[in-house]
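The values are calculated or read from the model by the stated rules, or taken from the named source; none is laboratory data. Just so we're clear, the structure is a prediction, and the values are computed from it rather than from any experiment. Please note: Cβ atoms are built from the backbone with ideal geometry, for glycine as well, and neighbour counts cover all protein chains shown.
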Amino acid sequence: MSWVVALALPSAIAAGVILLAMRTALRDRLVDRPNERSLHAEPTPRLGGLGVMVGAVSCAMLFGETPHRIALACALALCAVSAVDDWRSLPVAVRLSAHLAAAVVIAGISTSGAWIVVIALGIVWSANLYNFMDGADGLAGLMAVIGFGTLSIAASHSGAIPLALVCACVASAAGGFLAFNFPPARIFMGDAGSVPLGFLAAALGTIGTVEGAWPPWLPLLVFSPFIADASVTLIRRVVRGERAWVAHREHAYQRLVLSGWSARKLALVMAGLMLCAAASALAALRGGELLQRGILLAWLILYGLLVPALELKYPRDNKNRIGARQSNRTPGE
C-alpha cells in the first residue's frame with residue numbers, strides 16, 4: 001500500500017496544485033517573460049515547482065526517517081525562498097546564503113570535520129546546476145522522474161525502504177508536473193522547483209551514501225547528464241573570466257535548440273541519455289568492483305568525446321535567434 005501511495009498520490013497532488021494555481025492571480029504574477037537569454041518565445045507561467053514540492057514533500061514526510069525529513073524541510077524552505085525570487089528577483093547573496101545554510105544542515109548531519117565543507121559546497125552546486133539546466137521544455141522534469149526513480153530502485157534493492165519511498169514520492173511529483181511541461185510546455189518549473197530538486201538530488205544522495213543504500217558514485221552517475229553539461233559550461237566561463245552567475249545560452253542543450261533542434265527532440269534524446277546512465281548505474285551496483293570501474297570509465301570517456309564533438313558541431317558563437325518553444329508548436333514534431 002505504501003508503494004501505491006508513493007507512486008500515485010504525489011503526482012495527483014502536484015497536478016492538482018498546478019491546475020489550482022493556474023486559476024489564481026499567481027498565473028499572472030509568476031510569469032517567465034522571454035528575453036535575449038531565453039529559449040522560449042511566449043510568456044509562460046512558472047508555477048510548476050510549487051506543485052512539485054507540495055506533492056513531493058507532503059507525501060514523502062509520511063515515509064521518511066529523521067534525516068530524510070530534515071532534507072525535505074530544508075527543500076521546502078528553499079522552495080519558499082526561490083518562490084520569492086521568482087516573483088521579485090532576490091539578490092544573489094540572499095539566494096546563495098539560503099542554499100548554503102540548507103547545505104550545511106545536511107552536511108552537518110551526514111559527516112564531520114573538513115568533509116562538511118566539501119559536501120556543503122557540492123550540495124550548493126547541485127541546487128544551482130539543476131536551476132541552470134531548467135531551460136528547455138521537459139528537460140528538468142524528465143531528469144527528476146528518471147533520476148529520483150533510479151535512486152528509489154537502488155534504495156529498495158539495498159533494503160532502505162523509507163529512503164526508497166521518499167525518492168519515489170519526488171519522482172512521482174515530478175511526473176505530475178511533466179504532464180504540463182512536456183513539449184510544448186504550458187507551464188515552467190521556476191526556481192521554486194528547480195533549486196529544491198537539485199538540493200534534494202545531492203542531499204538524499206549524500207544521506208543514502210551514509211546509510212549504505214548506495215555507493216557515492218551512484219547519484220553522480222545517475223544525474224551525470226546534468227552535472228556534465230552544467231559543470232563544463234561553468235568551468236569554461238570561469239576560465240574566460242566571465243561572471244558565472246549571469247544568465248546565458250551557452251549550455252550544450254541551449255546550443256542544440258538554438259541550432260535547430262526542437263524541444264521535443266532534445267527532451268527525448270536527453271531522456272535516452274539519462275535512461276542509459278540510470279540503467280548502467282543500476283547494473284554497476286549489482287556487479288563487482290571491476291564492472292563498476294569499467295562502467296564509470298566508459299562514461300568518462302563518452303563525456304570526454306561528447307564535449308569536443310558538440311563544440312565543433314554547435315559552437316558557442318551561434319547567433320541563431322530561434323524562438324525555440326514557438327517553433328516547437330508545430331504539430332507532429
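In the stretch 133-144, of all residues being under 9 Å from the mean Cα position of the chain (by Cα) and not in a helix (DSSP H, G or I), the one that is farthest from His251 (Cα to Cα) corresponds to Asp134.
Could you tell me which residue of the stretch 85-132 is farthest from the chain's Cα centre (by Cα), considering only residues that are hydroxyl-bearing (Ser, Thr, Tyr) and surrounded by 23 or more Cβ atoms within 10 Å (Cβ to Cβ)? Across the stretch 85-132, the extreme among qualifying residues is Ser126. Do the conditions hold for Met61, that is, is it in a helix (DSSP H, G or I), modelled with pLDDT of 95 or more and crowded, with 18+ Cβ neighbours inside 10 Å? In short, no.
Scanning the stretch 145-164 for residues that are assigned to a helix (DSSP H, G or I) and either surrounded by 24 or more Cβ atoms within 10 Å (Cβ to Cβ) or among the small types (Gly, Ala, Ser) (or both) turns up Gly147, Phe148, Gly149, Thr150, Leu151, Ser152, Ala154, Ala155, Ser156, Ser158, Leu163, Ala164. Annotation note: Cβ proximity below 9 Å between a residue of the stretch 177-193 that is on the phi > 0 side of the Ramachandran plot and among the acidic types (Asp, Glu) and a residue that is at pLDDT 90 or above and crowded, with 24+ Cβ neighbours inside 10 Å (sequence gap 6+ or interchain) occurs for no pair. Checked against the criterion of being within 28 Å of Ile301 (Cβ to Cβ) and assigned to a loop (DSSP other than H, G, I, E, B), the candidates Ala185, Ala213 yield just one match: Ala213.
Look at (1) assigned to a helix (DSSP H, G or I); (2) under 13 Å from Phe132 (Cβ atoms) and you find that Ala171 fails only one, number (2). Flag: Ser89 does not match the condition of being polar (S, T, N, Q) and at negative phi. In the stretch 64-79, the qualifying residues are those that are free of Cβ contacts under 8 Å to residues at least 24 places away in the same chain and within 21 Å of the chain's Cα centre (by Cα), and the one that is surrounded by the most Cβ atoms within 10 Å (Cβ to Cβ) is Arg69.
Residue-level analysis places Leu285 among those that are over 22 Å from Phe188 (Cα atoms), among the aliphatic types (A, V, I, L, M), modelled with pLDDT of 80 or more and in contact with a Phe, Trp or Tyr (Cβ under 8 Å, 6 or more places away or on another chain). Within the stretch 295-314, being surrounded by 14 or more Cβ atoms within 10 Å (Cβ to Cβ) and either modelled with pLDDT of 90 or more or assigned to a helix (DSSP H, G or I) (or both) holds for Ile295, Leu296, Trp299, Leu302, Tyr303, Leu306, Val307, Leu310, Glu311.
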